[in-house]
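Where a number appears in this text, it was derived from the coordinates with a stated rule and is not lab data. Being a predicted model, the structure only gives us computed values, none of them experimental. Here Cβ is always computed from backbone atoms with ideal geometry, including for glycine, and neighbour counts include all displayed protein chains.
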Amino acid sequence: MAGGWARDGAVQDQIDDTVSDAVSAARARMPKGDSAKYCDECGEPIPEKRREALPGVRTCVECQSGRDAATRQLSINRRGSKDSQLR
Ligand SMILES: [Zn+2]
């Protein structure tokens with residue numbers, strides 16, 4: 001009985017690894033050192049300081065925080081579909 005719980009924990013660890021791998025892969029796809037002058041999302045100019053601080057940045061602060069929220073949502077959905085595959 002206790003062994004069954006330990007197994008579940010191991011599966012959950014694997015799922016967490018898969019999710020963080022996906023995040024790393026998404027970050028690796030971002031072009032480094034090619035910052036956008038204007039936000040990809042809203043077209044607002046991106047401040048020079050932000051472009052220097054974040055090489056490859058494509059969005060302004062406001063849109064980036066929106067994107068981060070969307071990414072979190074995506075991770076939750078992915079975890080959910082993985083979970084149903086295991087069943
Ligand atoms: Zn923007």
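Data overview
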{"read-out": "Cβ-based net charge around A69, under 14 Å, with every Lys or Arg adding one and every Asp or Glu removing one", "value": "-1"}
{"read-out": "Cβ crowding within 10 Å averaged over residues, with 12-18, 36-42 ranked highest first", "value": "36-42, 12-18"}
{"read-out": "Approximate spin-label separation L54-S24, in nm, with each point projected 7 Å along Cα-to-Cβ", "value": "2.2"}
{"read-out": "Length added when fully stretched, S65-D13, from 0.36 nm per residue minus Cα-Cα", "value": "16.0 nm"}
{"read-out": "14 Å beta-carbon shell around G43, net charge (K/R +1, D/E -1)", "value": "-2"}
{"read-out": "Under-5 Å amide H pairs with Y38, H placed in peptide plane, nonlocal only", "value": "I46"}
